[in-house]
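S.K.: Take a look at the following structure, please.
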Amino acid sequence: MKFSLYILELQNSQFYIGSTPNLERRLFEHENGKVISTKGKLPCKLVFHAEFESLKDARKTEYKLKSYKNKNIIKRIVADQRIQSLGS
């Protein structure tokens, strides 16, 4: 089983970063207003996703990305379609 880290671009040009064991189901929830964090910022668009061997690894990367205060780092990940070394 693969686990996904994903980045959504929201209507207000903000990014939402999440992780899930079922990307298709989670996107459905976002698109249908079932996620409080994104409900008022629809529509949203999947702009990046990466697969991990464990949910722990996906969540660790999610929290690391969320800790960055510079939106340009997320924009670069989306543009390059890859996550470069994040350090520790």
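S.K.: Go through region 59-88 and give me each residue that's of a type in the set (A, V, I, L, M, F, W, C) and either over 21 Å from LYS2 (Cβ atoms) or in a helix (DSSP H, G or I) (or both).
M.R.: LEU65, ILE73, ILE74, ILE77, VAL78, ALA79
S.K.: Right, next: With the condition kept exactly as written, say whether any residue in region 50-58 is crowded, with 16+ Cβ neighbours inside 10 Å, outside any helix (DSSP H, G or I) and in contact with a Leu (Cβ under 6 Å, 6 or more places away or on another chain).
M.R.: yes
S.K.: Continuing with the same structure: Considering only residues of region 12-49 that are touching a Lys or Arg at 6+ places or on another chain (Cβ under 6 Å) and under 20 Å from LYS75 (Cα atoms), which is surrounded by the most Cβ atoms within 10 Å (Cβ to Cβ)?
M.R.: Among them, the one singled out is SER19.
Every read-out reported here was derived from the displayed coordinates using simple, explicitly stated rules and does not represent laboratory data. Values in this document were obtained by computation on a predicted structure and should not be read as measured data. Note that each Cβ is placed from the backbone with ideal geometry, even for glycine, and that neighbours are counted across all protein chains shown.
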